[in-house]
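Novice: Have a look at the structure that comes next, please.
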Amino acid sequence: QGKATFTHLKKSADTIYVVEGLHDAIAIANTHPDADILILNSINNTVDALRYLKDKNYNRIVIATDTDEAGQKASEVLRTLPNSEIAEYGHPAKDPDELYLSVRELVEEWDVQSMVNIWSNHNSLARQMLSAQLAQKGLLKDFLNEIEQPQQQNRQNFRFRRPRM
């Protein structure tokens, strides 16, 4: 975008995710394939991105910067944008890429208890990532069936089964 050193991946969506790096953008794109994404490429580009986004008419700006001090400072600057919100990760991770990989590992290991903990946080990025990954693998229905069964049985005696992948 001209002199700016950030990258805008535009799909004409009404939601944009602001992330720090390329791998974070890939994680968001795998979860929200229709969303616009702005990659800061460095938190030093935060003010330029803020100026750029002020002229855009996004209904929702989701700020998904790293959880370190620098990322949090960038998110506070970007939070001044109208319609902006700071992404709730809902699972320990330093950035969207690490979150995506962590959730993927839980799915691959079929760690139902950890997935249930993520699922219980309705507005979290982790839940969105979990849902997307389960759907992509054709396991969402299996997971939902799995978590309904313990409610009908004694949780102490129930063992989760791992679906075929």
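Yes/no matrix, rows are residues, columns are (1) under 30 Å from residue 134 (Cα atoms); (2) of a type in the set (S, T, N, Q):
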site	(1), (2)
7	yes, yes
11	yes, no
18	yes, no
21	yes, no
26	yes, no
42	no, yes
58	yes, no
68	yes, no
75	yes, yes
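Novice: Sticking with this structure for a sec: Considering only the stretch 31-41, how many residues are in contact (Cβ under 8 Å) with a residue 24 or more places away in the chain, on the phi < 0 side of the Ramachandran plot and either surrounded by fewer than 16 Cβ atoms within 10 Å (Cβ to Cβ) or not in a helix (DSSP H, G or I) (or both)?
Specialist: Residues that pass the stated criteria total 7.
Novice: Take the stretch 7-24 and flag every residue that is open to solvent by 80 Å² or more (accessible area, probe 1.4 Å) and within 17 Å of the chain's Cα centre (by Cα).
Specialist: Scanning the stretch 7-24 gives 14, 22, 23.
Novice: Right, next: Could you check how many residues of the stretch 46-70 are assigned to a helix (DSSP H, G or I) and within 19 Å of residue 82 (Cα to Cα)?
Specialist: 9
Novice: So, of the residues in the stretch 108-126 that are surrounded by 21 or more Cβ atoms within 10 Å (Cβ to Cβ) and free of Cβ contacts under 8 Å to residues at least 40 places away in the same chain, which turns out to be nearest to residue 148 (Cα to Cα)?
Specialist: 115
Novice: Here's another thing I want to ask about it. I'm checking my understanding of the structure. Among residues of the stretch 66-95 that are among the small types (Gly, Ala, Ser) and buried (at least 18 other Cβ atoms within 10 Å of the Cβ), which one is farthest from the chain's Cα centre (by Cα)? Please lay out each step first, then the result.
Specialist: Keep residues of the stretch 66-95 that are among the small types (Gly, Ala, Ser), which gives 70-71, 74-75, 84, 87, 90, 93.
Now narrow it down to the ones that are buried (at least 18 other Cβ atoms within 10 Å of the Cβ): 71, 74-75, 84, 87, 90, 93.
Working: 71: 15, 74: 17, 75: 15, 84: 15, 87: 7, 90: 9, 93: 11 Å.
Ranking the qualifying residues of the stretch 66-95, first place goes to 74.
Novice: Let me ask something else about it. Between 4, 27, which is modelled with pLDDT under 95, touching a Phe, Trp or Tyr at 6+ places or on another chain (Cβ under 8 Å) and either open to solvent by 20 Å² or more (accessible area, probe 1.4 Å) or within 11 Å of residue 96 (Cα to Cα) (or both)?
Specialist: Only one candidate passes the filter, namely 4.
The values are calculated or read from the model by the stated rules, or taken from the named source; none is laboratory data. Not measured: the values here are computed from a predicted model. Every residue, glycine as well, gets a Cβ built from its backbone with ideal geometry; the counts of neighbours run over all protein chains shown. These accessible areas exclude ligands, DNA and RNA; they are computed on the full protein's heavy atoms, side chains included. Shrake-Rupley method; radii C 1.70, N 1.55, O 1.52, S 1.80 Å.
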